[in-house]
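Written below as structure tokens is the structure these notes are about.
The values are calculated or read from the model by the stated rules, or taken from the named source; none is laboratory data. Since the model is a prediction, treat every value here as computed from it, not as a measurement. All Cβ positions, even for glycine, are placed from backbone atoms using ideal geometry, and neighbour counts span all protein chains on display.
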Amino acid sequence: MGTNANATKKGQALRPVKMSGSSAVMETLINEGVEIIFGYPGGAIMPVYDALYQVKERLKHVLARHEQGAVHAAQGYARVTGKVGVCLVTSGPGATNTVTGIADAKTDSTPLVVISGQVASSLLGTNAFQETNIVDITKPVTKWNCQVTTPEDIPEAISRAFRIARSGRPGPVLVDITKDAQIAQMTYDYKSARKSRIPDLPIDPLQLEEAARLINLAKKPMALVGQGVKLAGAEDELMAFLEKTGIPAAQTLLGLSAIPSDHQLNVGLLGMHGNYGPNIKTNECDLIMAIGMRFDDRVTSDTRRYASKAKVIHMEIDPDEINKIIYADAPVAGNVKESLPMLTKLVSRNDHSEWVEEFRACYRVEYERLVERDVFPDREVITMGEVVSRVSAAFTDDAIMVTDVGQHQMTAWRYFKFNRTRSVVTSGGLGTMGFGLPAAIGAKIGKPGRPVVLFVGDGGLQMTIQEFGTIKQFGVPVKIVLLNNSFLGMVRQWQEMFFDKRYSSTPMVNPDFQAIAGGYGIPSEKVEERGKLSDAIKRMIEYDGPFLLEVAVENERNVFPMIPPGGSVEDIRLE
């Protein structure tokens with residue numbers, strides 16, 4: 001293979017050595033600090049897989065059962081570790097099968113490098129077997145992509161891909177490598193593109209001063225905490241700012257776990273299915289402070305009736321997001337890990353305890369009218385809320401919660417509790433069903449020392465259920481809680497509320513999930529009676545390995561609170 005014997009340390013300068021383009025792929029990945037690759041082999045990427053075989057002691061490969069699953073697993077890995085997830089696939093359908101995962105990663109700012117094989121350069125444009133123009137296909141959903149046709153360009157292209165994926169607002173990058181470039185010999189000389197790192201945006205001190213002025217004047221401020229805080233590793237800086245200013249803080253779906261669930265300034269979750277208080281209070285605020293979030297439509301609803309009395313501070317690393325949706329009176333572009341401490345020095349120590357208590361009063365209303373009914377139902381059928389609440393309470397260690405998409409997702413992020421950051425892995429902006437199972441696999445591989453629990457619906461599980469094979473082959477001990485209501489639940493809820501209960505193509509005729517799990521050697525249990533739930537949860541958690549716990553939940557129960565489509569934050573409904 002021509003592996004350079006001097007490559008003893010990641011990132012170490014190497015003396016030039018002869019090797020194939022495929023070996024150059026492996027050496028560059030190793031020198032970029034990669035330890036895990038998720039992928040699926042095929043004809044146009046076979047030389048790279050042969051080179052991977054040569055370095056299998058230094059680089060682990062996790063064989064998914066579908067390329068989409070490989071990308072979602074890489075996302076889960078990236079989200080819990082903060083590292084770049086890596087995915088390796090072949091050309092044609094192998095490459096196109098990654099597009100959903102790449103789009104999901106772009107929307108949710110997840111750093112990925114996808115390496116795809118391609119037909120030989122002499123065949124490009126001829127509609128050769130398994131040829132697709134994956135570069136043009138993925139342009140709208142990547143931060144950057146390229147096609148490599150000569151082996152000499154491989155090291156720089158891959159290293160540049162890592163630099164772009166992790167810099168600024170993170171995201172996915174794709175490198176497409178023709179088969180002849182993989183086979184041909186080249187002189188390998190690793191020069192990391194990270195040496196020409198993209199610097200963070202300079203932070204405008206005048207805007208910080210204006211932000212501090214607005215904060216010091218505010219009587220009813222609220223902070224909106226997004227995933228940008230976690231991506232920047234700025235959790236400590238955030239807490240120092242909040243505790244000095246006394247500002248209550250709500251979180252977006254992806255910002256969840258940046259603040260401990262039981263912190264006195266944590267006033268709940270934003271958005272369409274978020275908590276009552278931070279939604280209903282938005283139009284009472286005189287200051288909205290957005291930190292590492294982008295004012296997604298699921299947070300704002302009708303922007304014409306959003307934060308109508310408030311000045312707005314927007315702290316965000318991506319300048320294109322500032323003033324895109326909501327006008328910012330004090331835009332602070334830059335990395336929040338740098339800007340938050342600078343702002344904390346400028347603001348006054350304050351006491352907003354009376355204002356925070358108003359949020360607590362809102363939660364008491366929500367508890368009496370909704371939470372109590374969700375978690376402690378007086379009906380025989382089991383609810384999603386009580387399952388999530390009991391599972392959360394049963395973990396003595398702080399677990400990583402992974403979800404698929406739908407009603408169970410909204411329920412899980414309402415009732416699962418967190419003490420540590422990077423404890424949530426879910427599909428936010430794209431809402432990708434089938435995300436959960438492979439993402440849970442990637443999360444557990446990324447953080448083997450932490451428990452990982454997946455909440456998934458019967459619809460979402462069947463989209464990527466073949467990844468049970470990955471669990472079996474690699475012994476990934478994820479805990480899977482299947483909340484089975486025999487419906488595509490969220491779509492059914494909308495059909496009930498807005499389409500006169502015309503349940504068009506949402507009832508599900510499901511398989512025997514225990515039989516399927518058993519075929520993959522995964523122990524399982526099904527619970528249909530409330531009295532058996534707690535013991536089943538205990539057995540799942542105590543089992544040393546993967547486990548599927550299926551719970552039959554109420555078929556036609558809706559998830560509340562909910563802001564109706566086209567409504568305003570103040571239109572939020574508790575039932």
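At negative phi and out of contact with any strand residue (DSSP E or B) (no Cβ under 7 Å at 6 or more places or on another chain): which single residue out of ASN145, ASN127, ASN133 fits that description?
On inspection, the qualifying residue turns out to be ASN133.
Restricting the search to the stretch 257-311, which residues are at positive phi and assigned to a strand (DSSP E or B)?
GLY268
Select from the stretch 557-573 the residues that are part of a loop (DSSP other than H, G, I, E, B) and surrounded by 14 or more Cβ atoms within 10 Å (Cβ to Cβ) and list them in ascending order.
Of everything in the stretch 557-573, those that are part of a loop (DSSP other than H, G, I, E, B) and surrounded by 14 or more Cβ atoms within 10 Å (Cβ to Cβ) turn out to be ARG557, ASN558, VAL559, PHE560, PRO561, ILE563, PRO564, GLY567, SER568, ILE572.
Restricting to the stretch 525-552, give me the number of residues that are assigned to a strand (DSSP E or B) and over 26 Å from the mean Cα position of the chain (by Cα).
Selection size over the stretch 525-552: 4.
Could you give every pair whose Cβ atoms fall below 6 Å, whose first residue belongs to the stretch 180-192 and is assigned by TED's automatic domain parsing to the domain that holds VAL48, and whose second residue is of a type in the set (A, V, I, L, M, F, W, C), counting only separations of at least 6 or pairs across chains?
Pairs found: ASP180/ALA120; ALA181/VAL148; GLN182/VAL48; TYR188/VAL17; TYR188/MET19; TYR188/ALA24; TYR190/LEU14.
Select from the stretch 138-159 the residues that are over 19 Å from GLY125 (Cβ atoms) and β-branched (Val, Ile, Thr) and write down the one among them that is surrounded by the fewest Cβ atoms within 10 Å (Cβ to Cβ).
VAL141
If you scan the stretch 377-409, which residues turn out to be in contact with a Ser or Thr (Cβ under 9 Å, 6 or more places away or on another chain), over 15 Å from SER261 (Cα atoms) and modelled with pLDDT of 95 or more?
Once the filter is applied, which keeps residues that are in contact with a Ser or Thr (Cβ under 9 Å, 6 or more places away or on another chain), over 15 Å from SER261 (Cα atoms) and modelled with pLDDT of 95 or more, the stretch 377-409 yields THR383, MET384, GLY385, VAL387, ARG390, ALA394, VAL402, THR403, ASP404, VAL405, GLN409.
Could you tell me which of the residues MET315, MET342 is modelled with pLDDT of 95 or more and in contact with a Ser or Thr (Cβ under 6 Å, 6 or more places away or on another chain)?
MET315
Looking only at the stretch 307-341, how many residues end up being touching a residue at least 24 places away in the same chain (Cβ under 8 Å) and either in contact with a Gly (Cβ under 9 Å, 6 or more places away or on another chain) or over 24 Å from ASN216 (Cβ atoms) (or both)?
Matching residues across the stretch 307-341 total 11.
Here is a list: GLN493, GLN462. Which entry is in contact (Cβ under 8 Å) with a residue 12 or more places away in the chain, within 21 Å of VAL402 (Cβ to Cβ) and either surrounded by 23 or more Cβ atoms within 10 Å (Cβ to Cβ) or in the same structural domain as ILE400 (by TED's automatic domain parsing) (or both)?
GLN462
Scan GLY428, GLY442, GLY406 and give me the residue that is touching a strand residue (DSSP E or B) at 6+ places or on another chain (Cβ under 8 Å) and under 22 Å from VAL559 (Cα atoms).
GLY406
Would you mind telling me which numbered condition in (1) in contact (Cβ under 8 Å) with a residue 12 or more places away in the chain; (2) under 24 Å from ALA181 (Cα atoms) ALA73 fails?
(2)
Given the criteria in contact (Cβ under 8 Å) with a residue 12 or more places away in the chain and not in a strand (DSSP E or B), does ARG364 qualify?
no
Which residue is surrounded by the fewest Cβ atoms within 10 Å (Cβ to Cβ), if the candidates are limited to the stretch 160-172 and must be more than 21 Å from GLU316 (Cβ to Cβ) and of a type in the set (A, V, I, L, M, F, W, C)?
Restricting to residues being more than 21 Å from GLU316 (Cβ to Cβ) and of a type in the set (A, V, I, L, M, F, W, C), the top hit is PHE162.
Residues being in a helix (DSSP H, G or I) and of a type in the set (Gly, Ala, Ser): count how many of those fall in the stretch 510-524.
Result for the stretch 510-524: 4.
Since GLY101 meets every condition but one in (1) surrounded by fewer than 24 Cβ atoms within 10 Å (Cβ to Cβ); (2) under 16 Å from the mean Cα position of the chain (by Cα), which condition does it not meet?
(1)
Residue-wise test of (1) among the acidic types (Asp, Glu); (2) under 20 Å from THR110 (Cβ atoms); (3) surrounded by fewer than 22 Cβ atoms within 10 Å (Cβ to Cβ).
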residue: GLU237; (1), (2), (3): yes, no, yes
residue: LYS244; (1), (2), (3): no, no, yes
residue: GLN264; (1), (2), (3): no, no, yes
residue: ASN283; (1), (2), (3): no, no, yes
residue: SER301; (1), (2), (3): no, no, no
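From the list LEU346, LEU340, pick out the single residue that is on the phi < 0 side of the Ramachandran plot and surrounded by fewer than 21 Cβ atoms within 10 Å (Cβ to Cβ).
Of the residues listed, the single one that is on the phi < 0 side of the Ramachandran plot and surrounded by fewer than 21 Cβ atoms within 10 Å (Cβ to Cβ) is LEU346.
Can you name the helices (runs of 4 or more DSSP H) wholly within the stretch 158-238 that have at least 3 residues being farther than 30 Å from GLY268 by Cβ?
So the answer is 179-183, 205-217.
Could you list all residues from the stretch 485-506 that are among the aliphatic types (A, V, I, L, M) and part of a loop (DSSP other than H, G, I, E, B)?
LEU488
Check whether at least one residue in the stretch 65-77 is more than 21 Å from THR100 (Cα to Cα) and of a type in the set (Val, Ile, Thr), and report yes or no.
no
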